[in-house]
Amino acid sequence: MKKYEQYKKMIMFLLGLFMVAVLTAAYGYVWYEHYLYLVVYPFLGKGNLLVILIYAILIAFFLQVYSGYKFGYLKLGDVIFSQVLSIVITNVITYFQISLIGRSLFPVAPMLGLTMTEIIFSVVWSTFASTIYHKMYPPHKTLMIYGSEMKSSIKMASSLEQKMKKRSDKYRIKEMVDVSVGLDTLKEMMQHYDAVLICDVKTEMRNKILKYCFEKSIRTYITPKISDIIVRSADDIHLFDTPLLLCRNCGLNFEQRVIKRLMDIVISLVILTITSPIMLVTAIAIKAYDHGPAFFKQKRCTINGKVFEILKFRSMIVDAEKPGMVIPAKDRDPRITPVGRFIRATRIDELPQLINVLKGEMSIVGPRPERVEHVEKYSRDIPEFSYRLKVKGGLTGYAQVLGKYNTTAYDKLKLDLMYIENYSIALDLKLLLMTIKIVFSKESTEGFEEENN
């Protein structure tokens, strides 16, 4: 396995490049055969190449955003889903682009045929590429080293082991060992494994293990601590012959806040305008079902701990919770109305939060604003939980896109800090596009269960 490791990125690049080339060639054929001569003034030579090049850029971009290139890294079904989503979005955009060029709506049948052909190719090619990947890179035989100073460390190690078992195509945890056995014993054990997983080990011992693995070229996985996430985002300073790392620790700067606010206003206005008919029908349906209020308000925490009332379409019966009591929603919860079940599954219940965004109480992208009760509870258990309040709460974010239904509060905090510490406008745009993907995932719907009370 190690002899192929150095070629992994190149192989993945070539597999992805071939896919983009085939999809682009298929579109080129459809353009020349079905659309070129419908244009009032057909392109000649380089004009046609530019149209095809734009398609190649679009499909390559969306495949990158939705992880459509990650053969072997993601499950086969996830790779195919990512590619299908990329193909559909690219072809929809391209069809309207062609129509704009031709100044009329052209026949859609050729694009539908192209889409179906590309999807079939995607399934076949992804299956082939994933098979090649797993033959060249079988699962890593892994040793997990975990801390035992706290019960939470053992629980974290056990939970991580169960998660990694679900990806037995990539990881094989052959043995788990308590760090208390000592460094010498650990060194002897590590020599017999392809990889080492360091889970919640104290910094001093973790550094010794990490340096040994670096010396012996042993692949190493580490569960990051909060301080690791902060340091990862640090700026390099090279004013002296002694390297320095600068951690600003101040959330977003002035320019980022201004641009982010402008984006929030524009995006929320556009989406509210487009979805206003859906919102009107939803409000009428909720009101007609039980004559209760169409909207539901709940106190949530946002930047600097400020409390605001989040606005949602009501999906539960009136007075679903008694004052002062928090009752998380469950699958087939009897408190959820038939209308509520539908709007939860389709995320329509979240649309009124765009009004919160427009008012400046929330952002489109950011850590999910938690209930006041949850913030108080999590802050008692995790003192660093308040770090996520350095930015406004958001409709979507890292924890919503990457988190699962059983993601712990501590892991969600890490994901939120990764977003805050690595913030950029490009990251916001990427998370917005990734949100489109998770809307269609049932698992992600479950991930919002507790928040949707």
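Could you say whether any residue in segment 48-56 is under 30 Å from THR142 (Cα atoms) and within 30 Å of the chain's Cα centre (by Cα)?
Step one: of segment 48-56, the residues under 30 Å from THR142 (Cα atoms) are none.
Within segment 48-56, not a single residue is under 30 Å from THR142 (Cα atoms) and within 30 Å of the chain's Cα centre (by Cα).
Quick test for you: out of ARG388, ARG380, pick the one residue that is in a helix (DSSP H, G or I), out of contact with any helix residue (DSSP H, G or I) (no Cβ under 9 Å at 6 or more places or on another chain) and assigned by TED's automatic domain parsing to the domain that holds THR275. So that I can check it myself, show each step before the final result.
Details: ARG388 fails: out of contact with any helix residue (DSSP H, G or I) (no Cβ under 9 Å at 6 or more places or on another chain).
The conditions single out ARG380.
Just to be sure, is ILE11 in contact (Cβ under 8 Å) with a residue 12 or more places away in the chain, in the same structural domain as ILE119 (by TED's automatic domain parsing), closer than 30 Å to SER217 by Cβ and β-branched (Val, Ile, Thr)?
On the way: in contact (Cβ under 8 Å) with a residue 12 or more places away in the chain: yes; in the same structural domain as ILE119 (by TED's automatic domain parsing): yes; closer than 30 Å to SER217 by Cβ: yes; β-branched (Val, Ile, Thr): yes.
Yes: the conditions hold for ILE11.
Based on this model, can you work out whether ILE355 counts as touching a Leu at 6+ places or on another chain (Cβ under 8 Å), among the aliphatic types (A, V, I, L, M) and either surrounded by fewer than 21 Cβ atoms within 10 Å (Cβ to Cβ) or modelled with pLDDT of 90 or more (or both)?
Working: touching a Leu at 6+ places or on another chain (Cβ under 8 Å): yes; among the aliphatic types (A, V, I, L, M): yes; either surrounded by fewer than 21 Cβ atoms within 10 Å (Cβ to Cβ) or modelled with pLDDT of 90 or more (or both): yes.
Criteria met by ILE355.
I'd like to check which helices (runs of 4 or more DSSP H) are fully inside segment 1-107 and have at least 3 residues that are surrounded by 15 or more Cβ atoms within 10 Å (Cβ to Cβ).
Output list reads 8-30, 46-65, 76-102.
Report yes if some residue within segment 226-242 is in contact (Cβ under 8 Å) with a residue 12 or more places away in the chain, surrounded by 16 or more Cβ atoms within 10 Å (Cβ to Cβ) and more than 26 Å from the chain's Cα centre (by Cα); otherwise report no. The answer is no, given that none of the residues of segment 226-242 is in contact (Cβ under 8 Å) with a residue 12 or more places away in the chain, surrounded by 16 or more Cβ atoms within 10 Å (Cβ to Cβ) and more than 26 Å from the chain's Cα centre (by Cα).
Please count how many residues of segment 147-168 are of a type in the set (D, E, K, R), farther than 16 Å from TYR221 by Cβ and free of Cβ contacts under 8 Å to residues at least 40 places away in the same chain.
Taking segment 147-168 first, the residues of a type in the set (D, E, K, R) are 149, 151, 155, 161, 163, 165-167.
Among the residues that remain, those that are also farther than 16 Å from TYR221 by Cβ are: 149, 151, 155.
If we keep only those that are free of Cβ contacts under 8 Å to residues at least 40 places away in the same chain as well, we get 151, 155.
Here the count works out to 2.
LYS430 satisfies every condition listed in (1) surrounded by fewer than 19 Cβ atoms within 10 Å (Cβ to Cβ); (2) more than 14 Å from the chain's Cα centre (by Cα) except (2). Which one is surrounded by the fewest Cβ atoms within 10 Å (Cβ to Cβ), of the residues in segment 248-261 that are assigned to a helix (DSSP H, G or I) and over 23 Å from the mean Cα position of the chain (by Cα)? Checked segment 248-261; the qualifying residue surrounded by the fewest Cβ atoms within 10 Å (Cβ to Cβ) is PHE254. When residues in segment 124-151 are screened for being surrounded by 15 or more Cβ atoms within 10 Å (Cβ to Cβ) and among the β-branched types (Val, Ile, Thr), 2 of them pass. Of the residues contained in segment 71-84, none is found to be under 30 Å from LEU186 (Cα atoms), aromatic (Phe, Trp, Tyr) and in the same structural domain as GLU175 (by TED's automatic domain parsing). Under the condition of being touching a Ser or Thr at 6+ places or on another chain (Cβ under 8 Å) and at pLDDT below 90, the residues counted in segment 387-398 number 0.
The values are calculated or read from the model by the stated rules, or taken from the named source; none is laboratory data. None of the values given here were measured: they were computed from a predicted structure. A quick note on method: Cβ atoms are made from the backbone with ideal geometry, for glycine too, and the neighbour counts reach across all protein chains shown.
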